[in-house]
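Below: one structure, written as structure tokens.
The values are calculated or read from the model by the stated rules, or taken from the named source; none is laboratory data. Predicted model, so just to flag it, every value in this text is computed and none were measured. As a convention, Cβ positions derive from the backbone with ideal geometry for all residues, glycine included, and neighbour counts pool all protein chains shown. Accessible surface is based on the protein model in full, side chains and every heavy atom, while ligands, DNA and RNA are left aside. Shrake-Rupley method; radii C 1.70, N 1.55, O 1.52, S 1.80 Å.
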Amino acid sequence: MNQPTRPRVEHLDDDVQGIRHPAPRLSWWLPAGAGSQVAYRIRTDVWDSGRVESDQSVLVPYSGPAIPGGRRVTWQVKVWTDLGESDWSEPAHWETALELDSWQASWIEPAEDTVAEPGDRPAYLLRREFTLHEAPEHARVRVTAHGIYELFVNGVRVGEDELTPGFTAYRAHLQVQSHDVTGLLRQGPNVIGAVLSDGWFRGRFGFHRVADGYGTRTALLAQLDIQAADGGTVTVGTDADWRSTVGEIVAADLMDGQRVDFRRAIPGWAEPGLDDAAWSKATVRDDGLYADFGRLTTSPAPPVRRVETLAPVAVTSPRPGVQVVDFGQNINGWVRLSELGPRGTKVTLTHGEALGPEGDVTMDHLAVADDTQGVTLDPGQRDEVISAGRPGDVFEPRHTTHGFRYVRVEGLPVSLSKDTVSAAVVHTDLRRTGWFRCSDERLNRLHEAAVWSFRDNACDVPTDCPQRERAGFTGDWQIFVPTAAFLYDVAGFSVKWLRDLAADQWPDGRLPNWAPEPGHARRSEDMYAYITGSAGWGDAAVIVPWEIYLAYGDQRVLADQYASMARWVAYGARIAREQRFPERAAVRPVAAPHEAYLWDSGFHWGEWLEPRHADDTPFYLQDHGPVATAYLYWSAHLLSRVATVLGKADGAAEYGELAARVRDAWRAEFIRPDGSLSVDTQANHVRALAFGLVPEELRAQTAQRLVELIRAADTHLGTGFLATPYLLPVLADTGHTDVAYELLLQDTRPSWLAMIDQGATTVWEDWDGVDDDGTPHASLNHYSKGAVVSFLHRHVAGIRPRQDAPAYRHFDIRPEPGGGLVSAEAEFDSPYGRISSRWHVSKGRFHLTVTVPAGTTATVTMPDGRVFDAGPGEHHETCPTS
Ligand code: RAM
């Protein structure tokens, strides 16, 4: 078909909701077989661009007349390419956000005389009955909450989104969901109802698991706009006529789990005719945060959904009364249980990632000592259900999530099977864009584990782990975002998170370690201020937008985040100027001039979780100057490039200058006169090479020392969080591809394949995640070390983005075979179309097949060094293996 495909609005596919920007950007793929575009024409229901001479097909701003709020726009595009004039694309849609003054509904709180302790708080049912004189012509509902809501109309659950309204910096942004509910309403009595639980707003999550992060009450805001056939309109919103009560969900918390007593279920609670006289009146609120409708927004990311269902691979019984269900894969989500036993049966479900020696679920490695509160926190992840003995009841706890592979089921007198228990995989419903396979099965499994760790940690925000903390750790996302951007379309997902990161930035520019960050009152203020502002973590404010720009060509995210980036860099520069590391100050009482650009004080996580610590000084007392100064340089350098992209010449010069001074300070302080680095760790050498901290003439020497360090560790890696993603790339880029492959294929600890051989289905937080006897340590589901799979995409298969041509408009194909692999292939759905690179070795020759999408070009470098340019289409090339 000669027509453009894949129409997108901003970073989303069809039916994009709540667009507020007057010029949403439209993208499409060119018709199959086309070379390049010479012109396009966009039309909507009310506007036609006419033929526009342009080769742009990614993020083209809508330039038609202003569209009023709450309007659904149908759009199509046609293009002129070397195939001639195309047909129109299939119609696609976006909907503009409701004008603020169209909100007539009021916030309501369920009646709650006393608020139970966190973990024991029930979900509330809220309902309102109303009468329609005729079935509607059109009806749309818009809804959000402080807490997590599920919406029902006449007993039917509205939509398939989970954990709505999602997690944002609620004081600044609160997401609204919008649904067409025309088909659910009818003439006569109707009911709109909601289930409302604590969620991230009031429940526990994160490192400290402190509740009430954003408020002490849950609340609902909903508005149903109904249009009759004669054009008349009716609005039903949350107001004083709503009533509330507690139903079967007697407790729900994201961390602790959910408890359901089906004996307390109220059948027909969201249908007309129920006598709700005993229910309490909801309370209308319009003060404080409730008055701020300006924070209402829609998500630039896809919603969270139940993306996949897993059947058990085994059900065992380690002891009487206990069944352990193994789903074969570590996931984020919940269980679905349809066998609940006779009335009054109480079943407990404990979710874990590992089994103990007796084959029972173990949780010990997930318990954390919180020194700030002087307590050890319970791992939670425990659900409970009491049966009503009613056929058809299904337990599915949609107001919590768990990170688990195994579930211990206690108290059920019936044996479970795949017909009665399954697991729902729950995460942001991102579009998959990248795939990789090669001739080594273990590498394929490593790739799969990294994909799963990302899926398990993409639950509306990018999290560090889905069980222990579930916090949007900044460092983790900056480490992994380039890898994620190959595997999935994470543009909207990142844009959403970045808004919240900026909202949570401190007035002095420092950034939290995780975002959204409620800023818990119960924690010590001093401690909180002290740990906020770590290098390598706060740098997410600069690195993430830059990576999103490179992968998707989005300049608007750079413009929107520019102020936040600049404030972060200014913060680091100020601390560098004003403070000194105590030990340095002691040995050198008068600061050397370069020290004004050395960021060597304050709290930093540092390289974090290297396999062996040469130094047993607690990490927070160590000199993190080499790491923090490196990141200050890197962020200033990137910010100067961002300024150039945005046409800000002053900013480009200012940050370029700052970057140069910081880099010189790093050199002055951390390179010895003989050119060796004063911090003799793998991580430091990797970073020096990756960020270009060592001068050109020292690169070979620095790389040589890195190899020596690797050899001294018996060809094992020694990097932690920050340097691991750069380790194999810098080895390959400095002529040590063979060592990169040896590390990649190393299978004794510490290594990636040791995890895989130990049965990991997700990537561990610690290199020593599981002992030989199976004892687990720390989280078994952190994506950060999985960033190594980027080496598979970019170096093994050879698909590489270029800094000078964002969105893969021009890209490199440069496979670097090695490690005994005889074939590898990767496919990638770039913003312009599908790129692929496949190779195999046979009879002493290397055979490469490359696909270059329409509208792009590639530079292909063969392993023998031959280089050629490739335009759209498929290309085959061979060369001798060396
Ligand atoms: C841990 C988190 C996270 C890491 C921080 C420094 O608690 O799991 O992954 O970024 O610490």
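Name the shape class, rounded, prolate or oblate, that the alpha-carbon gyration tensor gives for segment 493-600, where a ≥ b ≥ c are the square roots of its eigenvalues, rounded holds for a/c under 1.5, and otherwise prolate holds if a/b is larger than b/c and oblate otherwise.
oblate
From the Cα gyration tensor of segment 396-475, with a ≥ b ≥ c the square roots of its eigenvalues, which class applies: rounded if a/c is under 1.5, or else prolate if a/b is larger than b/c, or else oblate?
oblate
Taking all pairs of different Cα atoms in segment 301-423, averaging 1/r and flipping that mean, what Kirkwood radius in angstroms comes out?
15.3 Å
Could you put 874, 353, 669, 308 in order of accessible surface area, largest first, with the 1.4 Å probe and the full protein assembly present?
Correct descending sequence by accessible area is 874, 308, 669, 353.
Over all Cα pairs of segment 490-670, how is the pair count split among 5 Å bins, expressed in % and running from 0 up to the last occupied bin?
Result returned by the calculation: 1, 8, 16, 19, 19, 16, 11, 6, 2, 0.
For the chain, report the accessible area per residue in Å² (1.4 Å probe, heavy atoms, rounded to an integer).
Counting only protein heavy atoms, the per-residue value for the chain is 36 Å².
Just tell me, in residue order, which DSSP H segments of the chain are both 20 angstrom or longer along the helix axis (alpha-carbon based) and at least -1.0 in mean Kyte-Doolittle hydropathy.
Answer set is 441-456, 555-578, 625-645, 649-670.
Give me the extension gain from residue 676 to residue 346: residue separation times 0.36 nm, minus the current Cα-Cα distance, reported in nm with one decimal.
Full-extension gain reported as 112.3 nm.
Calculated FRET efficiency, residue 823 and residue 234, Cβ-Cβ r, R0 51 Å, to nearest 0.05?
With R0 = 51 Å, the Cβ-Cβ based efficiency is 0.20.
Using R₀ = 41 Å, calculate the FRET efficiency as 1/(1 + (r/R₀)^6) where r is the Cβ-Cβ separation of residue 289 and residue 410; round to 0.05.
Once the sixth-power term is evaluated, E becomes 0.50.
Quick one: 3J(HN,Hα) in Hz for segment 227-236, Karplus 6.51/-1.76/1.60 with θ = phi - 60°, rounded, Gly and Pro as x.
Per-residue couplings from phi come out as 10, 8, 4, 7, x, x, 10, 10, 10, 10 Hz.
Would you grab the residues whose amide H sits under 5 Å from the one on residue 368? Only those 5+ places off in sequence or on another chain, please, with H modelled 1.01 Å from N.
377
Taking the Cα of residue 508, stepping 7 Å toward and past its beta carbon, and measuring to each backbone N in segment 581-598: which are under 16 Å?
Residues 581 qualify, since their backbone N sits under 16 Å from the label point.
Of all the Cα-Cα pairs you can form in the chain, what percent are over 50 Å apart?
Above the 50 Å cut-off, the chain has 20 percent of its Cα pairs.
How do 289-300, 645-656 rank on mean C-beta neighbours within 10 Å, highest first?
Most protected by this proxy first, the peptides run 289-300, 645-656.
Can you tell me the order of 852-861, 360-369, 474-483 when each peptide is scored by its average per-residue count of other Cβ atoms within 10 angstrom, highest first?
474-483, 852-861, 360-369
Run the simple label-point estimate for residue 72 and residue 186 please: 7 Å along Cα→C-beta, distance reported in nm.
Here the modelled spin labels are 2.2 nm apart.
Across bins of 10 angstrom width beginning at 0, how are the C-alpha pair distances of segment 5-96 distributed, in whole percent?
17, 54, 24, 4
Go through 392-401, 58-67, 586-595, 682-691 and give me the packing order, highest mean Cβ count within 10 Å leading.
682-691, 392-401, 58-67, 586-595
Taking amide H atoms as placed 1.01 Å from N in the peptide plane, list the residues 5 or more away in sequence, or in a different chain, whose amide H sits under 5 Å from that of residue 36.
Answer set, sorted by chain and number: 82, 855.
In whole Hz, with x marking every Gly and Pro, tabulate ³J(HN,Hα) for segment 838-850 from phi via Karplus 6.51 cos²θ - 1.76 cosθ + 1.60, θ = phi - 60°.
Values, residue by residue: 10, 9, 8, 10, 8, 6, x, 10, 9, 10, 10, 10, 10 Hz.
Hey, what's the Kirkwood Rh for segment 808-880 if you take every pair of different alpha carbons, in angstrom?
For segment 808-880, the Kirkwood estimate is 12.4 Å.
Taking amide H positions as placed 1.01 Å from N in the peptide plane, with prolines and chain starts having none, which residues 5 or more places from residue 431, or on another chain, fall under 5 Å of its amide H?
Excluding prolines and chain starts, which carry no amide H, the hits are 489.
For the chain, with all protein chains present and a 1.4 Å probe, just round the carbon and sulfur fraction of the accessible area to a whole percent.
Exposed carbon and sulfur together represent 49 percent of the surface.
Quick check: with the 1.4 Å probe, what order do 785, 78, 281 take by accessible area, largest first?
Ranked list, largest accessible area first: 281, 78, 785.
Work out, step by step, the length gained on full extension between residue 439 and residue 55: first 0.36 nm times the residue separation, then minus their alpha carbon distance; give nm to one decimal.
That works out to 134.4 nm of additional length.
Specify which residue in the list 192, 289, 181 is farthest towards the positive end of the charge dipole of segment 100-301, using unit charges on the beta carbon of Lys, Arg (+1) and Asp, Glu (-1), about the Cα centre.
289
With θ set to phi - 60° and the Karplus curve 6.51 cos²θ - 1.76 cosθ + 1.60, what are the ³J(HN,Hα) couplings of segment 781-789 in order, to the nearest whole Hz, using x for Gly and Pro?
8, 10, 6, 3, 6, x, 4, 4, 5
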